[in-house]
Amino acid sequence: MDSRSVARHFEDAAHQTMQHRLYTLIFPIDGERVLLGMKKRGFGQGKLNGFGGKVERNESVRQGACRELLEESGLQCTAEPERIGLLLFYFEHDLVAMEVHVFRAEQFAGQAVETDEMRPQWFGAHSMPFDQMWADDPAWWPLVLRRQLFVGRFWFKADQLTIARQELYPVDSLDEPRN
């Protein structure tokens, strides 16, 4: 699915013409702890990350984030999660950009459980295991903790490990796209 949210304000002409796929990424935060999941299959396998995935048709990004959190961890949003960032990922030799909307969830219910896709584990929010996460995470995670809205653009090499270029901007607001 293609969406044009706040991304259109940050992309150059070449990247504005790319198709975008809409994704979510949500981080349950309990005081000084954050729940991450070890990705067991598919894109990002073997990495720790927040919970998320593709936004379904007629679903807002917030609805998608809460649905993915429930499906991947067993936790249920009990209040609207806070939309904190937008990440744009461009992978070498890929003609589709990933547009990822980032959320903080501080109100949720249930127990974190292992699913077919993720193995959840709590970590200290200020001592993240970045060596087991995506290479871009250390750049923007401090903004999540400070509740600073942001837009980040990251260009990855074909190996999906090496960042060739990055841009990170604090912003005052984020538009809400719908798929």
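Tabulated data for the structure shown
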{"quantity": "The chain, relative contact order [Cα under 8 Å, separation at least 6], %", "calculated": "27 percent"}
{"quantity": "Amide H partners (placed H, <5 Å) of I26, local residues excluded", "calculated": "F51, G52, F103"}
{"quantity": "For the chain, size of Cβ-based charge dipole, Lys and Arg +1, Asp and Glu -1, in debye", "calculated": "40 debye"}
{"quantity": "Charge dipole magnitude, Cβ of K and R +1, D and E -1 - region 82-168, Cα centre, debye nearest 20", "calculated": "400 debye"}
{"quantity": "Region 88-179 - percent relative contact order, Cα under 8 Å, separation 6 or more", "calculated": "29 percent"}
{"quantity": "Tilt relative to the chain, helix 137-146 - C-alpha long axis, 0 to 90 degrees, to 10", "calculated": "60 degrees"}
{"quantity": "Value in Å of the Kirkwood radius, where region 110-179 supplies the Cα pairs that are averaged", "calculated": "14.8 Å"}
{"quantity": "Accessible area of region 91-179 belonging to carbon and sulfur atoms, whole % at 1.4 Å probe", "calculated": "47 percent"}
{"quantity": "22 Å tail of the calculated P(r), region 61-171, as % of Cα pairs", "calculated": "40 percent"}
{"quantity": "Helix-only CD estimate at 222 nm, as mean residue ellipticity for the chain, using -39500 (n - 2.57) per DSSP H run (n ≥ 4)", "calculated": "-4500 deg cm²/dmol"}
{"quantity": "Å² of accessible area per residue within the chain, as computed with a 1.4 Å probe and no ligands counted", "calculated": "48 Å²"}
{"quantity": "Dipole magnitude of region 27-98 about its Cα centre (Cβ charges: Lys, Arg +1; Asp, Glu -1), debye to nearest 20", "calculated": "200 debye"}
{"quantity": "0 to 90° range, to nearest 10: angle between helix 61-73 axis and the chain longest Cα axis", "calculated": "50 degrees"}
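The values are calculated or read from the model by the stated rules, or taken from the named source; none is laboratory data. Remember, predicted model here, so these are calculated numbers, not experimental data. Quick reminder, even Gly has a Cβ in these numbers, built from the backbone with ideal geometry, and neighbours come from all protein chains shown. Only protein heavy atoms, including side chains, enter the accessible area calculation; ligands, DNA and RNA are left aside. Shrake-Rupley method; radii C 1.70, N 1.55, O 1.52, S 1.80 Å.
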